[in-house]
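Note sheet for the following structure.
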Amino acid sequence: MLSGHFVYDADSHVAFEPEQVFDLPSEVAVRRVRPVSVDDAADLGWGDTSYLWDGRLIPAIHGTGANPGHFPRQRTIVEQRDVENEGNPFFGMSWPAQTLSDPEERIRENEKRGIDRAVVFPSTVYALASDDAAVEAAFFRSYNRHIARRTGFDRSRLRWVGLLPLRHQDEAFAAIEEMLQLGASAALVFGTARDRFLHDSSFTAVFRELERSGLPLAIHAGQCFGPLQRFSDNQFRAHTVVFPLHAQLAFGSLVAGGIYDRHPGLKVAMLEFGAEWLLYLVERGEKYRNLTLGGTFTTPIPEHAIIDYTRSDRFFISGEAEDRLLLSELELVGEDGFLYSSDLPHEEGRDSSAEVLLSRPDLTDEQKGKILGANASAFYRDPT
């Protein structure tokens, strides 16, 4: 706890070790993730190894479509640097804690930061895991079983979300049922399902089943839409330009695409996109909804005012603790819809974000308590 507040980390991560994660059905096992080496690698730094993901190299650290991820030999490098740094782990926590090969070590790392409960998300490289929907589904469900095993010994401190293979309806139904059996806190999708919007009619039955199951939906930042990768020619542009575009596509599907109207029982959280973009999109959406109501346009429109969706008990979002626009974002979302997330063990530097939030003089103690813990409990359906 921090300053008497229960701290619930709504979005942390696990570093992936594909050779250990993927236990695929025999019909797709030949397409499992494999480590590969680069011969001419003197100027690539860490990039002399990579993973072959169904025909793609991940991570790709240079050029168009560059994407982040762990290298096969990164474990050795991280452990060596942990020793060299004399107990100050590289990336902020030890490799066993990052990968959950030692879940108790991860819990100890969380406790150092005052985190009482954390929800673990997969690496965002799953957003473009495979062009083949059946192979993607096999990857997703294998990961779900893996992370359920790693977190199963203490669900009061460490919880998980499961990847939802939207593009394969039968596998999606099976994944939802399996997530319920294994104790998932939410189902995870990215801003699009590859080249299809989340409101695509082919996904309606899956979202209906998810709504029936009671599992909330987490939409997480990730390089999911292939055409946008052309703009990810370095990591700065990826994080400042491309990720926010995925957020807008996802929010458009929820509101303009009708997901919220078709599925009134579905709770949704948008994570790691930041929240500043919402100020623009809500105002613009309401402007054109009013024009449509006035007869200027003849397209289908949301049934309610845009702010009615964002301020409902069905919409949640995580922002940045130091965000100068936080009070304006709270006005749009309401103090019951804002989530705290650390993003650990990623290197964006959110280790102290809970302390930053607590130090803000423009938030009341009640608001801080809701953001740090109570709101995540409401979204993930957990007792505090």
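What does the C-alpha gyration tensor say about the overall shape of region 212-317? Classify as rounded when a/c is under 1.5, otherwise prolate if a/b is larger than b/c, or oblate.
Verdict is oblate for region 212-317.
Computed over the Cα atoms of region 180-225, what is the ratio Rg over Rh, Rh following Kirkwood?
With Rh from the inverse mean 1/r over Cα pairs, Rg/Rh is 0.99.
Could you list, bin by bin from short to long, the percent of Cα-Cα pairs of region 232-294 in 5 Å steps?
4, 15, 22, 23, 18, 10, 6, 3, 0
Please figure out what share of the DSSP beta bridges in the chain is antiparallel and state it in percent, rounded to the nearest 5.
30
How would you rank 324-330, 273-279, highest first, on the average number of other Cβ atoms within 10 Å across their residues?
Values: 324-330: 16.3, 273-279: 20.1.
Answer by packing, highest mean first, reads 273-279, 324-330.
Please state the charge dipole magnitude for the chain, taken about the Cα centre, from unit charges on C-beta atoms (+1 on K and R, -1 on D and E), reported in debye and rounded to the nearest 20.
The dipole magnitude comes to about 800 debye.
How large is the Kirkwood hydrodynamic radius of region 144-197, counting all unique pairs of alpha carbons, in Å?
Kirkwood hydrodynamic radius for region 144-197: 11.8 Å.
Do the sum for the chain: with -39,500 (n - 2.57) for every DSSP H run of n ≥ 4, divided by all residues, what is the mean residue ellipticity at 222 nm, to the nearest 500 deg cm²/dmol?
Roughly -10000 deg cm²/dmol at 222 nm, from the helical runs in the chain.
Using only the alpha-carbon atoms of the chain, report the extent along each of the three principal axes, biggest first, to the nearest angstrom.
Projected onto the principal axes, the Cα atoms of the chain cover 64, 49, 42 Å.
Every number here is computed from the coordinates shown, using simple stated rules; none is lab data. If you're wondering where the values come from, they're calculated on a predicted model, not measured in any experiment. Don't worry about glycine lacking a Cβ; one is built from the backbone with ideal geometry, like all the others, and counts go over all protein chains shown.
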